[in-house]
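*Asks:* Handing you this structure, nothing more for now.
The values are calculated or read from the model by the stated rules, or taken from the named source; none is laboratory data. All values reported here derive from a predicted model rather than from experimental measurement. Cβ placement follows ideal geometry from the backbone for every residue including glycine, while neighbour counts extend to all protein chains displayed.
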Amino acid sequence: MQIDLDICVYAVIAALLLGRLWAVLGTRSDNEVQRPSPFTPPPPPKPQTADTGFVMPRQNVVSRMQPAILPPNSLAGGLAQVKAVYADFDEKAFLQESRDIFSTIVSAYAAGNLTSIAEFLSPDLLGHFQRAVDARVAAGQIAQSRIGRIKEADVLSARSEGTQAFVTVKFVSDQENILRDKTGAILGGEEGKYEEVTDTWTFARDTQMPGAKWVVVETRG
């Protein structure tokens, strides 16, 4: 009986020791590093990236140049209107043509020869010029105009109305203008004296009419 009692005591002591050992080895605190299991496959390697610190999220930004909106009443806006209805418009070539028309009209008007310049004048302006010539002839007066040089020819404004293009040009020229009576006596002006004259003319063109020319529709001195 003594031996059995000893065995029971030892069994109880062994059970207490095993329970104590399990309590220590069988639990893990949250701060304890987990031991890797040799039976768990290793995780795939992470891609190596350079440590650049904080990176702002990138956005897809599309840069697109917007065409400038020109004020319709500005010279640039007016020229844009003309080019919209007359794609072949070239300001430099137009100014050269307008200078030639200006010189031709000034000389022909003074001589009273409107037939040679009828193609460069609108019907209304041609009628106005004709009445002025008739009045001069009725008064027995003779006009003489000579352009020494055109000092300036600049576009002041431009616009379009339907298919019509309008361009206004300022001419600054040195002119000799003499008015005589029927006897040849000088009523105004002076031989060989050139004066600076500023004229503002408006030219128009039907851009949809084949073979159309620039014609003068308004003159201001």
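*Asks:* When the residues of the stretch 165-175 are filtered to those that are surrounded by fewer than 17 Cβ atoms within 10 Å (Cβ to Cβ) and over 27 Å from the mean Cα position of the chain (by Cα), which remaining residue is nearest to Arg205 (Cα to Cα)?
*Replies:* Let us first name the residues in the stretch 165-175 that are surrounded by fewer than 17 Cβ atoms within 10 Å (Cβ to Cβ), namely 170, 172, 174.
Next cut, over 27 Å from the mean Cα position of the chain (by Cα) only: 172, 174.
Numbers: Val172: 23, Asp174: 28 Å.
The qualifying residue nearest to Arg205 (Cα to Cα) is Val172.
*Asks:* Go through the stretch 172-221 and count every residue that is modelled with pLDDT of 95 or more, over 21 Å from Val133 (Cβ atoms) and among the hydrophobic types (A, V, I, L, M, F, W, C).
*Replies:* Selection size over the stretch 172-221: 4.
*Asks:* While we're here: Please go through the stretch 171-221 and give me each residue that is in a loop (DSSP other than H, G, I, E, B) and in contact with a Ser or Thr (Cβ under 6 Å, 6 or more places away or on another chain), ordered by number.
*Replies:* Thr207, Gln208
*Asks:* Could you pull out the residue among Arg159, Arg146 that is in a strand (DSSP E or B), in contact with a Phe, Trp or Tyr (Cβ under 6 Å, 6 or more places away or on another chain) and more than 13 Å from Phe102 (Cβ to Cβ)?
*Replies:* Only one candidate qualifies: Arg159.
*Asks:* Looking for something crowded, with 17+ Cβ neighbours inside 10 Å, closer than 30 Å to Gly189 by Cα, touching a residue at least 24 places away in the same chain (Cβ under 8 Å) and more than 37 Å from the chain's Cα centre (by Cα) - is there at least one such residue anywhere in the stretch 144-156?
*Replies:* Yes, there is a match, as at least one residue in the stretch 144-156 is crowded, with 17+ Cβ neighbours inside 10 Å, closer than 30 Å to Gly189 by Cα, touching a residue at least 24 places away in the same chain (Cβ under 8 Å) and more than 37 Å from the chain's Cα centre (by Cα).
*Asks:* Determine the pairs where a residue that is more than 24 Å from Leu126 (Cβ to Cβ), located within the stretch 78-107, has a partner that is in a helix (DSSP H, G or I) with Cβ atoms under 6 Å apart, the partner being 6 or more residues away or on another chain.
*Replies:* Note: pairs meeting the criteria are Phe89/Val82; Phe89/Lys83.
*Asks:* Right, another one. For residues that are touching a Gly at 6+ places or on another chain (Cβ under 9 Å) and not charged (D, E, K, R), scanning just the stretch 184-206, find the one that is nearest to Ile147 (Cα to Cα).
*Replies:* If we take residues in the stretch 184-206 being touching a Gly at 6+ places or on another chain (Cβ under 9 Å) and not charged (D, E, K, R), then Tyr194 is nearest to Ile147 (Cα to Cα).
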